[in-house]
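Below: the structure, in structure tokens.
A short reminder: the numbers here are calculations on the coordinates, not readings from a lab. In this text, all values refer to a predicted model and were calculated from it rather than measured experimentally. Counting neighbours? That spans all protein chains shown, and the Cβs are built from the backbone with ideal geometry, glycine included.
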Amino acid sequence: MTILNKLRRKTESRAKPVGPGMIGLDIGTNQIHMCQIRPLQHGLFSIVAKASIDYPGSRQALLEQPRKLKALIAPALKQKKFKGKRVAALMPWEEVKIILLTYKANVADVDSEVVKMLAKRIDGSIDDYVVDYVPVRSNPSDEEHMVVATLAKREAVDLLLQTLISCGLEVDSLDIAPTALRRIVSALYTGHAADNVLMINTYHDESYLTVISGRRLLFSQSVPFGESLLLDSIARELDISADSARTLIADHGLEKQAQSRAVGAETETDVSTTLLEIVKPCFLDLINEINRVLVFTASETHGVPVSRICLLGSIAQWPGAQQVLLSLLDFDAPDGQTEFTQVFQDENENTRVPWEGLFSEISIAMGLALRGLVANE
């Protein structure tokens, strides 16, 4: 049995806590996100504490300096009134390989079969990796079963564990982003709305497409679509800096505001239209990747379509980005797109957390914090 499997099964065997759960910790490229959640009655949750901390330099350099990391985390834990120091931490997307595997249904030792299959798909020795997997398709009537397997270099796992321990944190578990997102979907959606949910996490250089089917992780894949690609396209076309391009996006967005009637609104609309035309080819490349995912999803779910598409991460902060994406996909956002505000309340600031904005940045940390708090995990 592998380390991540041990950690995961150890956590899932515990009784659900009545107070706040563990702290979800996502050490990203330039920011640290933390979140802690308390379960309420009737499937509702309260956000006890949350924090986002900017830091300079690379993530690798930060992990190699535990004292510096502790100096960032410790004040936030105190000021934001987090409870305890037990954490569920993220193994970064780029340090985890996610592979879909199929095997004969009559295989007796699934663990050994998965490890054997993975050993043929990697360079070097399988002993250099930490392996985990979750079932995707395991109906008794199927001739083949499918799992989503994950691999992380043992060296990277050990570094993260030792760094967090050196910061005075109690590491309950290491987790991957798709599994964290699966908990978010489980908390937000029930019934038909949870059939198939596509979550698109956008970062600086690439994005990750994750499909959650019911409570199952069905698919996860990286695509070469990120904020830097869009900003560079705008900067090159308009002969401006990337920072200036970012300012234009923040001020004007990618879609005109239907309610805008103020003086200068026509000029603002022209700018938005120009920005959209520049980045549209990049969005269309993403659409092609998404369409392939949609075909795969339909084939694995006997034609059940994707019911939700959620844009998360840095590009989700761009005004109009979600609407542009759905429009290019010819996908109608279903009614009741604000389930988030009905399921989660912000205890720390006594305000509702909007679906857009903050959530798109701390969604992974929230999913980590939900570990052990959602049913049928």
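Values as computed for the structure displayed
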read-out: Globularity index of the stretch 143-238, i.e. its alpha-carbon radius of gyration over 2.2 N^0.38 Å; value: 1.40
read-out: Percentage relative contact order, the stretch 43-147, counting C-alpha pairs under 8 Å, at least six apart; value: 23 percent
read-out: Contact order relative to length of the stretch 227-328, as percent, for alpha carbon pairs under 8 angstrom and 6 or more apart; value: 33 percent
read-out: Subset of LYS50/LYS70; LYS50/LYS85; LYS70/LYS97; LYS81/LYS153 violating a 25 Å alpha-carbon distance limit; value: LYS70/LYS97; LYS81/LYS153
read-out: Theoretical FRET efficiency, 1/(1+(r/R0)^6), r = Cβ-Cβ of ARG246 and ASP330, R0 30 Å, to 0.05; value: 0.55
read-out: Neighbourhood net charge (14 Å Cβ-Cβ; Lys/Arg +1, Asp/Glu -1) for LEU284; value: -2
read-out: Residues of type aspartates and glutamates that LYS83 reaches as a straight line, Cα spacing below 16 Å, ignoring anything fewer than 8 places off in the same chain; value: GLU170, ASP172, ASP346, GLU347, GLU349
read-out: C-alpha center-to-center spacing [the stretch 156-203, the stretch 14-73] in angstrom; value: 11 Å
read-out: For the stretch 227-328, alpha-carbon Rg relative to the globular expectation (2.2 N^0.38 Å, N residues); value: 1.24
read-out: CYS167, CYS310, CYS35, CYS282 arranged by Cβ crowding within 10 Å, fewest neighbours leading; value: CYS282, CYS167, CYS310, CYS35
read-out: Förster radius 41 Å - calculated FRET efficiency between GLN221 and HIS42, Cβ distance, rounded to 0.05; value: 0.70
read-out: FRET efficiency estimate (nearest 0.05) - Cβ-Cβ, GLN79 to ALA375, R0 35 angstrom; value: 0.60
